[in-house]
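Accompanying notes for the structure given below.
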Amino acid sequence: MRATSLVFPIYADGKVLLGRKKRGMGFGKWNGFGGKIEDGETMRECAVRELYEECGISAAVEDLEFVADIYFDQPSDRSWSHPGAIYFLRKWKGTFTSSDEMEPRVFSLEHFPYDEMWQADKIWLPMIFSGRTVKGLITFDFDGSTVLSYSFEDAILSDSDKKYDCK
């Protein structure tokens, strides 16, 4: 699988915009906005494009805050394994709207829908919402959802020179 981006727009009061997947991988789950990198894009350009396509808000690449670098490993099907760049966004233009892929909604951290998200999200999202920047590895069972193992370390992240493969 190609490298992916994931963006979590965060309001000044700390609330977070999520989208519930309407189709495809992750159907019915709440998540950030993002997807696979396209040929010729930087990961930040991918993140901004996917955000606009999925919920209609526009952002500048320089306003993305790189908060996590995670490798999602699927040993039973290596074609699913991929690196993921995770960003916070605190400044954007426009009003979110539903798309054919995502139904957006704002959540407070106190009422975050972890039980309706990927199992792994319960592990790493609280880390980054607490202000940490992390690099990590999550290994999934054959079902692609159950977490077999994970490891994270605090990291100083820079994606300015990181290359992501589009294949």
When segment 35-56 is examined, which residues are found to be over 30 Å from ASP141 (Cα atoms), assigned to a helix (DSSP H, G or I) and either among the polar types (S, T, N, Q) or open to solvent by 10 Å² or more (accessible area, probe 1.4 Å) (or both)? GLU45, VAL48, ARG49, TYR52, GLU53
Any hit, segment 25-33, residues being open to solvent by 30 Å² or more (accessible area, probe 1.4 Å) and either over 17 Å from ASP121 (Cβ atoms) or of a type in the set (Ser, Thr, Tyr) (or both): no
Test for THR4: is it in contact (Cβ under 8 Å) with a residue 12 or more places away in the chain and out of contact with any strand residue (DSSP E or B) (no Cβ under 8 Å at 6 or more places or on another chain): no
Kindly check whether there is at least one residue in segment 57-77 that is among the polar types (S, T, N, Q), touching a strand residue (DSSP E or B) at 6+ places or on another chain (Cβ under 7 Å) and in a strand (DSSP E or B). yes
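The values are calculated or read from the model by the stated rules, or taken from the named source; none is laboratory data. What you are looking at is a predicted structure, and each value in this text was computed from that prediction instead of being measured. For neighbour counting, all protein chains shown are included, and Cβ atoms are generated from backbone atoms with ideal geometry for every residue, glycine included. The protein model used for the area step is the full one, side chains on, heavy atoms only, and it has no ligands, DNA or RNA in it. Shrake-Rupley method; radii C 1.70, N 1.55, O 1.52, S 1.80 Å.
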